[in-house]
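What follows is one structure encoded as structure tokens, with my remarks underneath.
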Amino acid sequence: MADESKAEIPATWDACLDFGLRRFFYSSLAGAVFGFLIFRSPATRWASIAFGAGVGIGSAYSECSHL
């Protein structure tokens, strides 16, 4: 009975968390590489990293909204 009362994360939330973290990391990494190769200013490099992170989070949110 005690095992039934424990709260577990549903599979959809687990998949969404996985999507979010993975896409955030890979998009930020792609933004960092792109910013390092294209831009000279540190501010624009950070902006490309932030843009990549936003794209990753947005795509994960879009994917999770369909689940």
**Prompt:** Viscosity 1.306 mPa s, temperature 10 °C: Stokes-Einstein D of the chain from its Kirkwood Cα radius, in µm² per second?
**Reply:** 119
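I'd like the FRET efficiency for Ala32 and Ala11, computed as 1/(1 + (r/R0)^6) with the beta carbon distance as r and R0 of 30 Å, rounded to 0.05. Please report the intermediate quantities before stating the final value.
Details: r = 32 Å, r/R0 = 1.05.
The formula returns an efficiency of 0.40 here.
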**Request:** Could you state the angle between the C-alpha long axis of helix 11-38 and the longest principal axis of the C-alpha atoms of the chain, as a value from 0 to 90 degrees rounded to the nearest 10?
**Result:** 10
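We did not get these values from a lab; they are worked out from the coordinates using the rules stated. A quick note: this is a predicted structure, and the numbers were derived from the prediction, not measured. Cβ coordinates were reconstructed from backbone atoms using ideal geometry, including for glycine residues, and neighbour counts include every protein chain displayed.
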